[in-house]
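The values are calculated or read from the model by the stated rules, or taken from the named source; none is laboratory data. Remember, it's a predicted structure, so these values are computed and weren't measured experimentally. Glycine also receives a Cβ, built like all others from the backbone with ideal geometry; neighbour counts cover every protein chain displayed.
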Ligand SMILES: *Cc1c(COP(=O)(O)O)cnc(C)c1O
């Protein structure tokens, strides 16, 4: 039988060859970008399924188009599984991405001009947490809190004083580049004192919450939790808004028709499939191993005198101050590691004196490497390679030898979903 990929190869050799190139890149390199992962084979199959053909504006039982028997089934499955996995009262699985899900929350629960309290971007906040270049940053009034870069702690007396002064309508925690866990209780107490809605953006660590390896904000009475589905959760690209029942109707209206048109039913089917995986013991073990690997990699780097922002990690990522550690800016560090097939991303550090495209650090995370089955011993090997490369970025012979070692090493670790067609 001719497979869909055989047809692609005949119809469009250009795209086919790029696809094979990307498969080879993912197979012969070590992925350490903390927001990336390898999804499950059945997620790839579902994403490439006939559900992509279907328009289903609206929600199960209340659609704007006919023919919804099976789309209703999968959206209900996805919502029910999301509620079960995250122990929450309501789930909206339609946001087309993480950015759209956050926009839907702000626009659905607040009025333009309202104040949101969120982390400073250079300390780990995401663009959608009110970057001045983002539309949300223009629509809402963001008040900032920061961390102590030495240990990553947040000065909650200051957060409380600022909250009392600025009376935010929403207090937001959960970050994109912060290697520590969050003290939800403290944020909740402060929010309650000023009558603010509590929101966690768990985009990065949603899979670790799902797998029970990290705290669940709903256990502390949080109102809203958002998460992408493609980072530590290992699903398709997308976003979910999880919330208490009292916000359900506002959130649903905000996602559709407020912000979006037709949902991507192939992605929603793939989210359902991902959440079934997330309920397994295997996924819980995966989530735990992500943390063990992260701690091992961080301590191995620090043993080699690397300087880590906040001095370590409690989650799946770490931020290395490459200027302090190796005298290299983050861009040079990223490019050097690219040469040996180790993928990281340059990253601004708290109050970075350098510009975003030449920042002072790199961000490293373990979700993708762990999905390939790497463990603590492999993290020590990785630390050795990272250290060698960054101490001698101009030693081409050494870089070439490391690259060959990395490629050989990768052969032991098949990438989920590649090589099944
Ligand atoms: C990745 C991320 C997002 C946005 O997700 P996209 O799917 O890239 O739009 C939002 N918030 C946080 C904290 C993130 O890390």
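Working carefully through the options 112, 95, find the one that is under 25 Å from residue 136 (Cα atoms) and surrounded by 19 or more Cβ atoms within 10 Å (Cβ to Cβ).
Just one listed residue meets the conditions, 95.
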Of the candidates 127, 44, 110, 96, the one satisfying the condition of being under 24 Å from residue 163 (Cβ atoms) and under 22 Å from the mean Cα position of the chain (by Cα) is 127
*Would the range 146-161 turn up any residue that is under 30 Å from residue 258 (Cα atoms), in a loop (DSSP other than H, G, I, E, B), away from the ligand (no atom under 13 Å from the Cβ) and in the same structural domain as residue 194 (by TED's automatic domain parsing)?*
no
Among 202, 161, 191, 213, the single one that is without any contact (Cβ under 8 Å) to a residue 40 or more places away in the chain and closer than 26 Å to residue 371 by Cα is 202
Given (1) in contact with a helix residue (DSSP H, G or I) (Cβ under 8 Å, 6 or more places away or on another chain); (2) within 13 Å of the ligand (Cβ to nearest atom); (3) modelled with pLDDT of 95 or more, residue 97 misses just (1)
Condition set away from the ligand (no atom under 13 Å from the Cβ) and surrounded by 19 or more Cβ atoms within 10 Å (Cβ to Cβ), scope the range 123-142, selection nearest to residue 324 (Cα to Cα): answer is 142
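Taking the stated definitions as given, is residue 263 surrounded by 24 or more Cβ atoms within 10 Å (Cβ to Cβ), within 16 Å of the ligand (Cβ to nearest atom) and either under 17 Å from residue 74 (Cβ atoms) or not assigned by TED's automatic domain parsing to the domain that holds residue 68 (or both)?
yes
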The correct count of residues that are more than 15 Å from the ligand (Cβ to nearest atom) and over 27 Å from residue 285 (Cβ atoms) in the range 188-242 is 13
Expected single match for touching a helix residue (DSSP H, G or I) at 6+ places or on another chain (Cβ under 9 Å), in a strand (DSSP E or B) and modelled with pLDDT of 95 or more among 319, 323, 273 is 319
Scanning the range 100-122 for residues that are farther than 18 Å from residue 241 by Cβ and not in a loop (DSSP other than H, G, I, E, B), the one farthest from the ligand (Cβ to nearest atom) turns out to be 115
When every residue in the range 162-182 that is more than 13 Å from residue 124 (Cβ to Cβ) and crowded, with 20+ Cβ neighbours inside 10 Å is compared, the one farthest from the ligand (Cβ to nearest atom) is 163
